[in-house]
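Contents: one structure, followed by commentary.
The values are calculated or read from the model by the stated rules, or taken from the named source; none is laboratory data. The model shown is predicted, which means the values in this text are computed figures rather than measured ones. Don't worry about glycine lacking a Cβ; one is built from the backbone with ideal geometry, like all the others, and counts go over all protein chains shown.
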Amino acid sequence: MQIFSLVAFVYAIVSLFKLSTLGSKAMSNPMQLDPDSLVKWQGLRRGQYLWMMFSGFGALGFNFAVFVVLTFLIDEPISFMRSHGVAVEVGNVVVDLAIIYGGWLLSAKARGEADELELKPMRDSLKY
């Protein structure tokens, strides 16, 4: 497994923990959001954490699928890897990076929108 897949997997575990504590944080409402904004904020944070989990667990799942195909479904894996090993590894890295980058990009989008909602009460209090 590549190091970036391992890092994405660790982020997925952290996101799973954050997702499990999201309900209690929304109940305490530390941002002092109105109920509609709080529901929207909770949905955006849930999306952020789910995309991060997709990124980490998706890369891990893809690596496992490649391993299964190369190990169990190819008749002669040693000769196959000798002739196509570099192409398989490059393809594996490219697809892993696409999964990780796509998940992180969508997660960052949701995080930015949720952060904007968190700052809304502060901006409203500064208006005269």
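Could you tell me whether any residue of segment 50-69 is modelled with pLDDT of 95 or more and over 22 Å from residue 3 (Cβ atoms)?
yes
Restricting the search to segment 33-70, which residues are outside any helix (DSSP H, G or I) and in contact (Cβ under 8 Å) with a residue 60 or more places away in the chain?
33
Tell me, please, whether a residue that is under 30 Å from residue 120 (Cβ atoms) and in contact with an Asp or Glu (Cβ under 8 Å, 6 or more places away or on another chain) can be found in segment 11-19.
No - not one qualifying residue is present in segment 11-19.
Return the pair list, or none, for Cβ contacts closer than 7 Å from residues in segment 71-98 that are over 19 Å from residue 56 (Cα atoms) to residues that are assigned to a loop (DSSP other than H, G, I, E, B), at least 6 apart or on different chains.
Matching pairs, first to second residue: 80/74.
Select from segment 91-118 the residues that are touching a Lys or Arg at 6+ places or on another chain (Cβ under 9 Å) and basic (Lys, Arg) and list them in ascending order.
Once the filter is applied, which keeps residues that are touching a Lys or Arg at 6+ places or on another chain (Cβ under 9 Å) and basic (Lys, Arg), segment 91-118 yields only 111.
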